[in-house]
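Written out below as structure tokens is the structure these notes cover.
The values are calculated or read from the model by the stated rules, or taken from the named source; none is laboratory data. Being a predicted model, the structure only gives us computed values, none of them experimental. Note that each Cβ is placed from the backbone with ideal geometry, even for glycine, and that neighbours are counted across all protein chains shown.
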Amino acid sequence: MVTINLDAYFIHKRYDDGLLQFLKNDNYEEAHTYRLTMKNDGKLDQLYNVTMDLKFASWVNDDKQKIFDLADEQLRLFNRIAEVETDWIVYPLYYVAHQYLQIARKIRVKDDKMDKNAYLERCGRAIHRSFNLCLNDRNPELHEDRKTGCYLLANLEFKLYHLLGNRDMMKNLVKVLQSRGDEIPPLAQSLAALHSKHLVMFNYYMGEYYGCYESDFTKGHSFLSEALLECATNICDKQIDKILILLIPFALLTTRQYPNVNVWQEKLTDNFVALKVHEPIVSCLLNGDLKTYDTNFAKNEIFFLQNGLYVAMSLLRELVFLRLVKNCWKFTGMPSVLQLQAVATAYSKSAQGYKKRKPAKADDLLLDELECQLANLIAKNLVKGYLSHANRCLVLSKKLPFPSQST
Amino acid sequence: MQFKSPEKCNKKTLEEDDEFEDFPVDTWPANDSLRNTHNGQTNLWEEDWDDVEVEDDFTKELKAELERNRQQQQ
């Protein structure tokens, strides 16, 4: 029998596993006794009673609604207790909030009478309160400030908004974190630094938000690179895969880096989704094969949509076309005037595959289309030169017709 | 290199889509992170985008096609 003295935590202002065991809902049968004799204003007594009820209800496990209500009350009480405590309370607060979210998720699946999101929304309000009481702490002693924990609570909010499919709430959260950026400690100096998975999660959610929802691939790339670098192989293989699913296209769009497949294959097990999905597309970006790109795009269209990658993957097509133009220029002896007729030949071959025979001379419609696509490349500074419509040719800059793009 | 078709594993990710946060452990030593075991990003990523030249079936056929086209034009 282990006796856990709750008084001590609130006197010494520190927590250990004993406090977390007390807060935990599903360990009723374990041989712990919890003692609380400290005089308090009633909030701790209430927390004690609610927590013990929650343990019992979770053990009996016949009334999901009751478990949910108790978990809700537990977090609300803990929020009120945490308001007057220092930074030590933040991890236990996160622990209670996380536990509540797990309970809210389970009940969502089981109960179809109530609006399926109502439980999560109620849970979200309590968690948002926890987040705010970290964010808005005004403790003059910086090392005791609860702000250190706001990333952990932010991760819970991100998770919640994912479950609710609520992008607006996510946007609000990011805005708040940005506008208060000067006041909150940097991620690496916050409580998250002691819990590596939170470093990975926060960077991942931020990168996903920017890249998938705001189409800001530069920010997306930078957060996701951070997420990746915080990962440890073997421990985080699943997360590395999910990070790479987003990071590979963002890297291609911004820094033109692509994965060193051999290194990754050596490190990781072979059921890696990221490499399987992206490797064929990377090949197309390197050889200019539009048809294979289109085929792979069509095959994975739903996957791209579900993972928020549709825009990014669509934008990559232009880079396949760019590679094709560059190869066409190389294979025709790097002329300073590239005939559109040659580009048309290459384009027909690339976009239609090997088998179809095309007429020897491209028609005006195709040449117009190509002029339009080339004009876009010039406008984006991916090609240096100009188009001569009258002569149906692309006049290329003598110095660096294809500007360097690696950064 | 050979890659199996992606459909099968796609399905798996979609079903488990929500579970990014299921880490087997809460924390690990900073020394074990990719940042420290892999010298930052070097060698995880290829950086030869501007100069890379691929020789495969597609580029060979493209070359041949352009050559055929050139001869026809003359």
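Residue selection: residue A:210 fails the criterion of being touching a Lys or Arg at 6+ places or on another chain (Cβ under 8 Å), in a helix (DSSP H, G or I) and either within 9 Å of chain B (Cβ to nearest Cβ) or buried (at least 23 other Cβ atoms within 10 Å of the Cβ) (or both).
Figure legend. Inter-residue proximity from the stretch A:380-407: first residues within 19 Å of residue A:340 (Cβ to Cβ) and more than 14 Å from chain B (Cβ to nearest Cβ), second residues of a type in the set (Phe, Trp, Tyr) and crowded, with 18+ Cβ neighbours inside 10 Å, beta-carbon distance below 8 Å, spacing 6+ or different chains. Indicated pairs: A:396/A:329.
Given A:26, A:7, which one is in the same structural domain as residue A:98 (by TED's automatic domain parsing), more than 16 Å from residue A:89 (Cβ to Cβ) and not in a strand (DSSP E or B)? Criteria check complete, one pass: A:26. Is it true that residue A:235 is facing another protein chain (nearest Cβ under 9 Å), of a type in the set (Val, Ile, Thr) and part of a helix (DSSP H, G or I)? In short, no. Quick check on residue A:15: is it under 21 Å from residue A:87 (Cα atoms) and at pLDDT 90 or above? Yes: the conditions hold for residue A:15. The set of residues in the stretch A:268-292 that are within 23 Å of the chain's Cα centre (by Cα), among the polar types (S, T, N, Q) and more than 7 Å from every other protein chain (Cβ to nearest Cβ) contains only A:269.
Selection of the stretch A:371-407 for residues being surrounded by 13 or more Cβ atoms within 10 Å (Cβ to Cβ) and assigned to a helix (DSSP H, G or I) yields A:371, A:373, A:374, A:375, A:376, A:377, A:378. Can you name every residue in the stretch A:182-194 that is within 13 Å of chain B (Cβ to nearest Cβ) and either basic (Lys, Arg) or surrounded by 21 or more Cβ atoms within 10 Å (Cβ to Cβ) (or both)? Once the filter is applied, which keeps residues that are within 13 Å of chain B (Cβ to nearest Cβ) and either basic (Lys, Arg) or surrounded by 21 or more Cβ atoms within 10 Å (Cβ to Cβ) (or both), the stretch A:182-194 yields A:191, A:192.
Pick out, from chain B, the helices (runs of 4 or more DSSP H) lying fully within it that include 3 or more residues that are at pLDDT below 55.
The helices (runs of 4 or more DSSP H) meeting that bar are B:7-15.
Residue check: residue A:339 meets all listed conditions (1) within 9 Å of chain B (Cβ to nearest Cβ); (2) surrounded by fewer than 22 Cβ atoms within 10 Å (Cβ to Cβ); (3) polar (S, T, N, Q); (4) in contact with a helix residue (DSSP H, G or I) (Cβ under 6 Å, 6 or more places away or on another chain) but one, namely (4). Only residues that are in contact with a helix residue (DSSP H, G or I) (Cβ under 6 Å, 6 or more places away or on another chain) and more than 8 Å from every other protein chain (Cβ to nearest Cβ) were counted across the stretch A:253-267, and they come to 2. Are any of the residues in the stretch A:32-45 among the charged types (D, E, K, R), within 20 Å of residue A:97 (Cβ to Cβ) and in contact (Cβ under 8 Å) with a residue 60 or more places away in the chain? There is no residue in the stretch A:32-45 that is among the charged types (D, E, K, R), within 20 Å of residue A:97 (Cβ to Cβ) and in contact (Cβ under 8 Å) with a residue 60 or more places away in the chain.
Output the residues belonging to the stretch A:310-335 that are more than 12 Å from chain B (Cβ to nearest Cβ) and either in contact with a Leu (Cβ under 8 Å, 6 or more places away or on another chain) or part of a loop (DSSP other than H, G, I, E, B) (or both). The answer is A:312, A:315, A:316, A:317, A:318, A:321, A:334.
Among the criteria (1) under 22 Å from the mean Cα position of the chain (by Cα); (2) in a loop (DSSP other than H, G, I, E, B), the one residue A:115 does not fulfil is (1).
Residues that are touching a residue at least 40 places away in the same chain (Cβ under 8 Å), among the charged types (D, E, K, R) and assigned to a helix (DSSP H, G or I) are absent from the stretch A:175-191 altogether. Does the stretch A:58-68 contain any residue that is β-branched (Val, Ile, Thr), in the same structural domain as residue A:137 (by TED's automatic domain parsing), over 29 Å from the mean Cα position of the chain (by Cα) and under 23 Å from residue A:153 (Cα atoms)? Among the residues of the stretch A:58-68, at least one is β-branched (Val, Ile, Thr), in the same structural domain as residue A:137 (by TED's automatic domain parsing), over 29 Å from the mean Cα position of the chain (by Cα) and under 23 Å from residue A:153 (Cα atoms), which makes the answer yes. Residue by residue through the stretch A:293-303, note down the ones that are more than 10 Å from every other protein chain (Cβ to nearest Cβ) and surrounded by fewer than 21 Cβ atoms within 10 Å (Cβ to Cβ). Passing the criteria: A:294, A:295, A:297, A:298, A:301.
Scanning the stretch A:249-268 for any residue that is in a helix (DSSP H, G or I), among the aromatic types (Phe, Trp, Tyr) and in contact with a Ser or Thr (Cβ under 9 Å, 6 or more places away or on another chain) turns up at least one such residue.
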